[in-house]
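K.L.:
Attaching a single structure in structure tokens format; questions to follow.
The values are calculated or read from the model by the stated rules, or taken from the named source; none is laboratory data. Please read these numbers as outputs of a predicted model, since none were measured by experiment. Positions of Cβ are generated from backbone atoms using ideal geometry, with glycine treated the same way; all protein chains shown enter the neighbour counts.
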Amino acid sequence: MRVGVVGAGRHANSALYPSILEAGLDPVAVCARTPEHAASTARRWGADAHHTSVEDMLAAGGLDGVVVAVPPSAYRPILAQCIEARIPVFCEKPGGRSAAELRELAGLAARAQTEVVVGYMKRFAPAYRSAREVISSDEFGSPTLAHFTFAMGRVDEYLADLHHYLIDNPVHMIDLARYLVGEIGEISAVLNVVPAVGLSVSVVARAEGGAACSFDFCTTASFAHRGEFVEVYGQGDAVQVDNVDTCTYRPADGPAEVRRPNYTLPTPSNSGWTVMGFVPALQHFRDVVAGLADNRSDLASAARTLETTEAVWHRLEPAWSALRVE
């Protein structure tokens, strides 16, 4: 599958381009804001063409799809151009600035009959897929309790802008909660800001099936230690995913079953980009475009994820505004 890639920033070069190659896609063109970045990124990843305009890249032809990794405010015009040209798109999360913007794009894509996969890669990470299989089984029963933690070290741009933090980082866990236990409502939230250190947020909510859900997010942890943890209880059974790679199923009347990559074997299934979900997300995009799979992370779903994240923001905004005034 021949793809043009829009974006040449740190995330694109450190995570997305390596995953594109590992997923078996062929990056034949690169588009970036400056000729220098476009040319150097194309050379680095073996693309034949480079552009500074999405319009020019699409007009050059020869693309089976486009992969996009840009700031949230830049997605809409790029996705709209690709959809207008009827070129399938894989875009990194969140895919836009707001739920309303994503719903508008979803309508454009539906009318153009053009697939857009939004790269919430945790949905495709093997450990979380295993957890979903467990939760969906008859033995597990309906989820009753779920907890999601996403902790990281200090990031100054997040400390300066809570809304940006929520739609850039905790949004992963909010989407994952929807994927594992269903739509989230009845949201309440608490914010703590430690000046010159970071943010911490606790959220309590209810899943559509009744499960009590809690979320803990922060930038006051350390990048050197475990960053994420998920645990879901059914009716006797429980399942947890520790730090994205290890899924442990605890049946009510049996020993725990642990599924973890065998990192001593240098195989594709054990690579970091696969374990984190980047590679399988891009392979899903390839399969969607080929008509081999239904889109499991489309614009309509991404809009619901941002809508839920915006609800968290609205609960926190008064406290954030008061702290900013101080």
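K.L.:
Which pairs have Cβ atoms under 7 Å, sit 6 or more apart or on different chains, and link a residue in region 265-279 that is over 9 Å from GLU22 (Cα atoms) to one that is among the hydroxyl-bearing types (Ser, Thr, Tyr)?
P.N.:
Hits for this filter: ASN270/TYR263; PHE278/SER19.
K.L.:
Something else: Can you name every residue in region 194-220 that is over 17 Å from THR308 (Cβ atoms) and either touching a Lys or Arg at 6+ places or on another chain (Cβ under 9 Å) or not assigned by TED's automatic domain parsing to the domain that holds ILE135 (or both)?
P.N.:
Passing the criteria: ALA196, VAL197, GLY198, THR219, THR220.
K.L.:
Sticking with this structure for a sec: Find the helices (runs of 4 or more DSSP H) located wholly in region 248-326 whose residues include 2 or more that are on the phi < 0 side of the Ramachandran plot and surrounded by fewer than 19 Cβ atoms within 10 Å (Cβ to Cβ), and list them.
P.N.:
Of the helices (runs of 4 or more DSSP H) lying wholly inside region 248-326, those with at least 2 residues that are on the phi < 0 side of the Ramachandran plot and surrounded by fewer than 19 Cβ atoms within 10 Å (Cβ to Cβ) span 299-325.
K.L.:
Return the total of residues in region 105-125 being part of a helix (DSSP H, G or I) and in contact with a helix residue (DSSP H, G or I) (Cβ under 8 Å, 6 or more places away or on another chain).
P.N.:
So the answer is 9.
K.L.:
Provide a single number: the residues in region 1-39 that are without any contact (Cβ under 8 Å) to a residue 12 or more places away in the chain and surrounded by 15 or more Cβ atoms within 10 Å (Cβ to Cβ).
P.N.:
Final tally of qualifying residues: 1.
Each row is one residue, and each column tells you yes or no for (1) modelled with pLDDT under 95; (2) under 30 Å from ALA196 (Cβ atoms).
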{"residue": "ALA110", "(1), (2)": "no, no"}
{"residue": "ILE135", "(1), (2)": "no, no"}
{"residue": "GLU157", "(1), (2)": "yes, yes"}
{"residue": "HIS163", "(1), (2)": "no, yes"}
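K.L.:
Do you know which of the residues in region 126-144 that are part of a helix (DSSP H, G or I) and β-branched (Val, Ile, Thr) is farthest from SER269 (Cα to Cα)?
P.N.:
Restricting to residues being part of a helix (DSSP H, G or I) and β-branched (Val, Ile, Thr), the top hit is ILE135.
K.L.:
Among the residues of region 45-58, count how many are out of contact with any helix residue (DSSP H, G or I) (no Cβ under 7 Å at 6 or more places or on another chain), part of a helix (DSSP H, G or I) and charged (D, E, K, R).
P.N.:
1
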